[in-house]
Amino acid sequence: MMEAVEATLVEGAVLWLAQTILANLLLDKLDEWLTKVGLADDIEKLKSEVEEVEAMAASVKGRSAGNRLLALRLSRLKELLYDADDLVDELDYHRLQDQVEGGTSGCATPHGTNGAEQVDGSRDNYRLQHQVEGGRIAWDIQHQGTGVNGGAQLVDGPRDNSGVPNRNGRKKRSKAWEEFSITEEDTDGKPVRAKCIHCGTHVRCETSKGTSVLHNHLKSDSCKRKRAAIEQTPNPSSADDGAQNGATILTHDSDRRKRMRSDEEILVSHVTPKRTLLILDDVWDDIDVCRWNKLLAPLRSDNAKGNMVIVTTRKLSVAKRIGTVDHINLGRLQDDDFWLFFKDCAFGDETYKEHGNLSIIGQKIANNLQGNPLAAQTAGMLLREHLTTDRWGNILKNEIWKSLQLNGGIMHALKLSYDELPYYLQQCFLYCSIFPNNYQFLSSELVCIWISQGFVKCSHSTERLEEIGQNYLTDLLNSGFFQQVGTKDPTLGDQTLYVMSALMHDFARLVSGNECAAIDSSACREVLPTIRHLSILTYSAYPEDKYGNITRNEKFEEKLQRVVNSTRKLRTLVLIGKYDHFFLQSLQGIFQKSHNLRVLQISEVYASFGYFACSLVDSTHVRYLKIGTKEHSEVFPEDLSKFYHLQVLDMGLDSYSTLPNGINNLISLRHLVASKAANSSISNIGKMTSLQELHDFNCSSFEIAQLQSLSGLAQLCVSQLENVVTREEALGAKLSEKSHLEKLHLSWDDIRSECEYGSDMSWEPSLDAVETGTSKEVLEGLEPHLNLKHLQISGYRSSTSPDWLVSTVSVTCLQTLHLEDCRELQVLPSLERLPLLTMLKLRNMWKVRQVRIPSVEELVLIEMPKLKSCFCNSARDFNSSLRVLTIKGCRVLKLIVSDPLPPSSSTRELSIARVSTLPTMEASSSAELIIGMANVQFPFGAEDSNGLTKLDDKILNTKTDQGNGRWLLPHSLRILEIDGSPEMLQPCFLEGGNCLIKLLIGHSPSLEILQLCFCTALEELIIDDCELLAALEGNFTCLRKLVLSGNSGLESLGLYSCTALEELTVESCEALTALEGNFTSLRKLDLSGSPRMKSLRLGFCTTLEHLEIYDCEVLDTLEDLGSLRGLRYVDVSSCPRLPPLERLLSQCYDLCAGLERLGTDDLSFLTTSFCKGLTSLQRLSFYVQRLSFYGCTPGKVWRLTDEQERALQLLTSLQELRFEGWSHVEDFPVGLHSLPSLKKLVFAGGLSRLLEKDLPPSLEELEIRYCSKELTDVCRMLATRRSKPKIKIDWKYVN
């Protein structure tokens, strides 16, 4: 079966490549250029040959499976077509180069050959001749020098009645040949062996025997039985398989009309007198609405009531089309249930308990099956054959259950769905196998990668490639090959994340193994020379320790060099994971060999590696370049401006990378992902006519008329519009002609930026009439095309909206509208004229008094101090549509939307803060919901509240005398944030239990009593700035994280119920004198700013790993410190009454040996005897700014003593050393050069002298801050001479 899959892939690839080459050669611009440079005749020959290849590929489609010779020759032809595709692409590169440079380049290639010579086979260095004769493709490759010829010659021989070419021109007239495929021929092209298409038997068929051997085989009993079995086997995935009331409805493809009648008759006979449950299993997409209605007609008759249909399908599109309720995604089985099912499959008995070794191996196999029942059946079928550890161990090691040779196995089932896909979707799906399992794809990025590889074809001139690619992804989603897992940054358009299931990912890797590969550091295997798409996954090769450090892996670097030695045809190189700069440097060979790269993605680079990579990569074919830098800034070379085919350049929105001056030469660039500063630095951006998105067109840097030529824009942000002064100037942007524009943000510089919610709203800007009139005229001139879907306007300075939003309302396709900082605006747009509007956001609209809204899904009203009413014309529609409601800072708002608020069970988020009147909410039952301390009750059904999962922050600022403090909350509420709580707070719930796992209370100076006895599920509690809170009451058995900060009145903590507590942070609680509790699970303790705490009991903290104590002036005792055998991180400073560190730890030899990280302002521990015990220490930090506690005067010139120098040299495991806050240091510690493992050295302040010889050879990074100019100059000079160590001066790398 695997051979058949591979053969089908090769057939599709040959046809796709031929069509791709022809499509590129038919481009008008390339055709004109080829004529101009004298290559038209040669390219016409190439075009003719490729057209013959296309015809041949179409004629042999489906025949290479089982015909090894044909499959082999098609594979070779595919390789030649790849070369031809690269040649045509290289010619197009020179066309673009001529267009940019304004001349004729003479087709000079990067390898120094002339483009015309590369095409003309008569004078080139290679001659490729392809022939199609006698049912096979033959060719000769004659080497005459160096270079590659793109020509191809195909000769079609005569064909027999089955369409198979016959070398001798004779027709095989016997119809018996239609039942066989020829697998071997003699030198004259006569058939010698043939394979029966029914049973797979090979027979000898020399001409001397005639066709009698073929007829005899077809009459044999074995072949007859196989044919009969095939004819009688029902389609396993037919659209209307199913059973009801015990009656099975079988489906066959032989006679669809009879089958439909039979199905209806069965239903009629069972449905009429009874209530019926009909189950249709594995419904596919070949059932139309008419057939569906006919099939279900008996269930809808007058006599049939209460009937139900359950449908299972592997296609999301089917569930959406035929379902009448929300579909249910069938996920993996729970581990316990799956293990019972697996044992039943493997042993025949779910209660099987014997043979412990088999159970251990079985558990490992079950874990790899991802809870999939069909996978369990497949593996169980194999395991039951031999109940031996050797057999089971071999199955586990080789994962045999993933084989495609297993009929009825899990991979076979996935192949059924895969075979239904057209080749272009198969191609896109298989490509994703180079990414790791569970990789989350951002739809926009994945589609751009597909486009860069040429997988996405434009069928209509009006469609954007991105839209077509998104349709591809949607088709794969609907067919079950991808799953949606969430959204990322809704403000950017609700971009959805997609993943492939683990088994689907395994299937993709299995099928794509000849062209796609992933090198995993845990299993670094050889890479086939045919691989074109490669990823390198470094998660296990470069693991980070808990402090973020990465150790060099020279063994992996060497292994990688051997593995990728044969990769010369790469079109994709993706690096995913953590790694160091040595690993990146080891990839130079790959970059230099890969002349055909289309996609290069590097997840993290170090200083200057982006520059380095762009200089090494051949720019001819690159279309997608993503470089994620670890540094704050990266300078890209001028070489980048010669990537004329580049479509996507992704440097990260947070990166401060510097673009080369000639970046506007990238005339094919469609997407630039860069910071606003990088966008604004591009001169003559109007030359980049292929741009699809522009995130910041700054009118202080560009003339707005440059937008005129950017006709393909789909997303646009125009800022600093105060620099545009007339309507005519704005009309020069021609936004109304940009039919592809979907997202538009128009922004004026806000005259009072960064207005916080709690700022003084009494301040109002004063704008003269000229300024407000100018804004109105400019906005009128920026009228967008009617296709616009998302509009945001910020900082607009006029009191009225433009006509195209008020009277004419041309943007009728608008789906989201966001108005922000339009503080003069009094008249809002005519929102009721926007029938497709789903989201409305109004923020900092200071003069708006009334809002009339349509039925939207999301409504946000923030900082609208004069807003009195907000209502909807159709309360019923609004109630059913609302999903998210946010109201903050609307102090005079009394009528909110509708009264009462909608009881929609689909509402997911509710946030109401700083309003004068709370809205009521009602539902079907009489339960109550009370929010805040106002005497307002909201009838709210518990059943209807199940959808409410987040009641967002700062619920209410009210003044009330209500004393019991009871807040009745929805049972399903999971997260609650409260700001400005009353004196007493006691959350309660509609039902006995609750789902509240996170509670945040902040900035509540009046809160005195906090009772959390009902919050039994609480896992995280944060209390901040509650000055009067004296005690904490509650049952915290599930609590895992507790943060107490700025609670100056808190005197004691009794946390005896916190048996699950893992992380405790107490800071700036000045009155706290004791910290008591059951801390048997505590792993991290941070204590700071507690000036009254004298002692700390640590005896119960047996699992503690992280201990940090700072600024506790009277703390003099750490009881039972020696019992903390698991302690790995200790940071103690600014505690002058504690004994010296050496004395604290001197008796704890086991503790010292396990320490990995130590921070202190006490240098007394630097003794020979003590440092010998720190055998695992990896990071050491000195806080020298606090040495005054130990007799050192700040500001005094300071150095380590000779004994301390010797002791420091004993820390042979040390990888990072930090000197923080040293004000005056005489000398660099001279012994550091002998530390064998030291990789990072940080000096923050005061160092006056540094010699290169003092640096240890192992050092990879040197960082200095606040040091003298002389030392800074020395380090800069050092950086120019050495690439190692990396040098960072004042937070910036300089080499």
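Residue pairs exceeding 27 angstrom between C-alpha atoms, taken from 555/1239; 397/1239; 415/559; 195/397; 61/294: 397/1239; 415/559; 195/397; 61/294. Counted residue by residue at 0.36 nm each, then reduced by the alpha carbon distance between them, the extension gain from residue 423 to residue 329 reaches 31.1 nm. Among the protein heavy atoms of the stretch 390-474, carbon and sulfur supply 48% of the accessible surface, probe 1.4 Å, non-protein parts ignored. Rolling a 1.4 Å probe across the protein heavy atoms gives the stretch 1114-1165 an accessible surface of 37 Å² per residue.
With all protein chains kept in place, the per residue accessible area of the stretch 1036-1105 amounts to 39 square angstrom at a probe of 1.4 angstrom. Protection proxy ranking for 797-807, 34-44, using the average of other Cβ atoms within 10 Å per residue and placing the highest first: 797-807, 34-44. In the stretch 306-354 the Cα-Cα distances spread across 5 Å bins starting at 0 as 5, 16, 18, 11, 11, 14, 13, 9, 3, 1 percent of all pairs. The Kirkwood radius of the stretch 669-746, taken over pairs of alpha-carbon atoms, gives through the Stokes-Einstein law at 4 °C and 1.567 mPa s a diffusion coefficient of 105 µm² s⁻¹. Here the alpha carbons of the stretch 360-473 define both size measures, Rg and Dmax, at 18.9, 63 Å.
The values are calculated or read from the model by the stated rules, or taken from the named source; none is laboratory data. Bear in mind the structure is a predicted one, so any value in this text is a computation, not a measurement. All Cβ positions, glycine included, derive from the backbone under ideal geometry; neighbour counts span all protein chains shown. For accessibility, only protein heavy atoms count, side chains too; no ligands or nucleic acids. Shrake-Rupley method; radii C 1.70, N 1.55, O 1.52, S 1.80 Å.
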